[in-house]
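The values are calculated or read from the model by the stated rules, or taken from the named source; none is laboratory data. Please read these numbers as outputs of a predicted model, since none were measured by experiment. Neighbour counts are summed over all protein chains in view; Cβ atoms, including those assigned to glycine, are modelled from backbone coordinates with ideal geometry. Heads up: the accessible areas ignore ligands, DNA and RNA and are worked out on the full protein's heavy atoms, side chains in. Shrake-Rupley method; radii C 1.70, N 1.55, O 1.52, S 1.80 Å.
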Amino acid sequence: MVNRRRFLSQAGRAAGAAALLSGLPPGWVGSAYADDSPEVSEMKFGMIALTDCSSVVIAHEKGFFKKHGINSTVAKGASWAAIRDSLSSGDIQATHMLIGMPIASTMGLAGSPKKPMVIPWLINRNGQSITLKAAWKGQVTNDPKALKPFVDKAKAAGEPLTFAMTFPPGTHAMWMRYYLGAGGINPDKDVSLITVPPAQMVANMRIGKMDGFCVGEPWNNRSVVEGIGFTSLNTQDIWKDHPEKVCAFLEEFAEKNPKSVKAVLKALHEASVWLDDLSNRPEQAQIVSRPTYINCPAQIILDRLLGNYDFGDGRKKKDPSYMIFHERNCNYPQYKYATWFLSQYRRWGLVDGQVDYEGIARKVMRPDIYEAAMKEIGYQHGGPNKESETLFDGIVFDPAKPEEYAKAFAVNSLKA
């Protein structure tokens, strides 16, 4: 028989536990005292043929997912829209994705079906480039202002120049727009801006369908190696250590399966640490070069992974701001990055009127999930960053004043 003192002690502990659990997200309650194994152990991950898919691929190939209880499958998507649709339908449970895509899907922007998604992990920084056609070698280097005479002449002739990016609200679209805007060129009025999947960029430039494009590696370097184009500048020249790809989940999946999501983040952490040891990058290039992943010669992938940039027009550079996967608090999902992308959606008329910058940033970016996962493995991250950023045109982004920033650009497509 349980005596009165023991009964009261047990009741007190139960009440205390209930109070502790009351503030947890849906799906977390009821599992606090269960085992730590993921709710869903069989997971399919999406990726696109870009070098920055590497942390997902390495976590799979090196057994980091399995170590944390996830039996992984990696599926290559044909385009970013296809990846988005596969995540939305539940065909894949997590994916390599442009940082702007979960924001656009959560808001239902630019043709994206409204489907809330979350970002608890930033995959990488830096490592994208803007490529221009070979005919402009020696006439244009890294200053987009040099493009304006060509743009104006083609527009006056009724045959506007064509530039490509990979997804309308994605990172490559925003870097291309920012680059053109800094050169006094309005991407919505002065040129034709088209969408092309990453792996198809080089082939389309080869047959003359575009004058320039922005994409991730290895497609910029491949255009140089094949003599089709040259690199004007790298995106880290526009914004050093800018955010790029993320690991995204449906909000609904993350709420129902918190231990599965944390298991994925723990595996990605191990993969990312491995990747930022430069001695591992030759092996990285060999693995991701396979036909099932990028399908490109490993050396073309490796050159720029090591910061060795041959721009293809006589310029060469050892770039210290090469693609990173772990260093400099790379993986922390900062609210300010979502705010910056929202400011650019505002600038370019992808949204009507002022945006709920803070509300959307807090809904999509999930540092709480990231912090919980890292705490469980004892990793000390760098925490939130609210500092201002200055891009290559000198205009300062203050995360506390995003609407003022969105309206600060002379070249824009603002809507009331």
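One table, with the values for the structure above:
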| read-out | value |
| --- | --- |
| Of the criteria (1) modelled with pLDDT of 95 or more; (2) open to solvent by less than 40 Å² (accessible area, probe 1.4 Å); (3) touching a helix residue (DSSP H, G or I) at 6+ places or on another chain (Cβ under 8 Å), which one K115 fails | (2) |
| Criterion: among the hydroxyl-bearing types (S, T, Y), open to solvent by 10 Å² or more (accessible area, probe 1.4 Å) and outside any strand (DSSP E or B) - qualifying residue of S223, S260, S279 | S279 |
| Some residue of region 275-286 being of a type outside the set (S, T, Y) and touching a strand residue (DSSP E or B) at 6+ places or on another chain (Cβ under 8 Å) | yes |
| All positions within region 332-363 that are farther than 26 Å from I185 by Cα and polar (S, T, N, Q) | Q334 |
| Test set (1) at pLDDT 95 or above; (2) in contact with a Pro (Cβ under 9 Å, 6 or more places away or on another chain) - S54 fails condition number | (2) |
| Given (1) in a loop (DSSP other than H, G, I, E, B); (2) open to solvent by 70 Å² or more (accessible area, probe 1.4 Å); (3) farther than 23 Å from M101 by Cα, index of the condition K375 fails | (1) |
| Selection count, region 378-396, where residues are open to solvent by 50 Å² or more (accessible area, probe 1.4 Å), among the hydrophobic types (A, V, I, L, M, F, W, C) and in contact (Cβ under 8 Å) with a residue 24 or more places away in the chain | 1 |
| Pick from region 119-176, criterion in contact with an Asp or Glu (Cβ under 9 Å, 6 or more places away or on another chain), of a type in the set (A, V, I, L, M) and open to solvent by 10 Å² or more (accessible area, probe 1.4 Å), ranking: nearest to S321 (Cα to Cα) | A134 |
| Residue among K363, K317 that alone is without any contact (Cβ under 8 Å) to a residue 60 or more places away in the chain, touching a strand residue (DSSP E or B) at 6+ places or on another chain (Cβ under 9 Å) and not in a loop (DSSP other than H, G, I, E, B) | K317 |
| Selection from region 397-416 of residues that are in contact with an Asp or Glu (Cβ under 9 Å, 6 or more places away or on another chain) and either open to solvent by 50 Å² or more (accessible area, probe 1.4 Å) or among the charged types (D, E, K, R) (or both) | D398, E404, K415, A416 |
| Test result for K240, in contact with a Ser or Thr (Cβ under 9 Å, 6 or more places away or on another chain), farther than 16 Å from D310 by Cα and surrounded by fewer than 20 Cβ atoms within 10 Å (Cβ to Cβ) | yes |
| Qualifying positions in region 56-103 - closer than 27 Å to P113 by Cβ, open to solvent by less than 10 Å² (accessible area, probe 1.4 Å) and part of a helix (DSSP H, G or I) | V56, W80, I83, L87, G100, M101, P102, I103 |
| Qualifying residue in region 377-384 (condition: aromatic (F, W, Y) and out of contact with any Phe, Trp or Tyr (no Cβ under 7 Å at 6 or more places or on another chain)) | yes |
| Check on A203, within 18 Å of the chain's Cα centre (by Cα) and either closer than 25 Å to G46 by Cβ or among the acidic types (D, E) (or both) | no |
| Selection count where residues are under 10 Å from S343 (Cα atoms) and in a strand (DSSP E or B), scope region 393-413 | 1 |
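The rows are residues; the columns are (1) surrounded by 21 or more Cβ atoms within 10 Å (Cβ to Cβ); (2) under 17 Å from P169 (Cα atoms); (3) within 14 Å of the chain's Cα centre (by Cα).
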| residue | (1), (2), (3) |
| --- | --- |
| N329 | no, no, no |
| P333 | yes, no, yes |
| A338 | yes, yes, yes |
| G359 | no, no, no |
| K363 | no, no, no |
| D368 | no, no, no |
